[in-house]
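Here is the structure we will look at.
The values are calculated or read from the model by the stated rules, or taken from the named source; none is laboratory data. Keep in mind it's a predicted model, so treat the numbers as computed, not measured. Reconstructed Cβ throughout: ideal geometry from the backbone, glycine too, with neighbour counts over all protein chains shown.
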Amino acid sequence: METKQTALQWLIETINERGGFIFTSHYEELFNQAKKMEKKQIKDAYKDCNDLIHIYGLDLEQYYNETYGN
């Protein structure tokens with residue numbers, strides 16, 4: 001299973017790429033993007049996990065670890 005990047009990991013990486021800080025004008029834009037990513041990830045995880053539980057008996061913790069890493 002492919003490991004994905006969480007919204008928080010993306011946000012931290014983006015801030016680090018900008019030298020560890022963000023301008024006030026970019027703050028809201030970055031956090032809104034991270035919130036959108038998180039919402040999509042939660043929806044995708046819910047759907048994927050329900051499919052996996054029914055088909056393979058995979059539990060939520062195992063799904064998260066395989067999808068997003070430990």
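Applying the set (1) closer than 21 Å to GLY69 by Cβ; (2) part of a helix (DSSP H, G or I) to ASN32 leaves exactly one unmet item: (1). The residue that is nearest to TYR68 (Cα to Cα), among those in the range 10-29 that are modelled with pLDDT under 80 and surrounded by fewer than 10 Cβ atoms within 10 Å (Cβ to Cβ), is GLY20. Considering only residues in the range 33-44 that are under 18 Å from GLU2 (Cβ atoms) and in contact with a helix residue (DSSP H, G or I) (Cβ under 7 Å, 6 or more places away or on another chain), the one that is modelled with the lowest pLDDT turns out to be GLN41.
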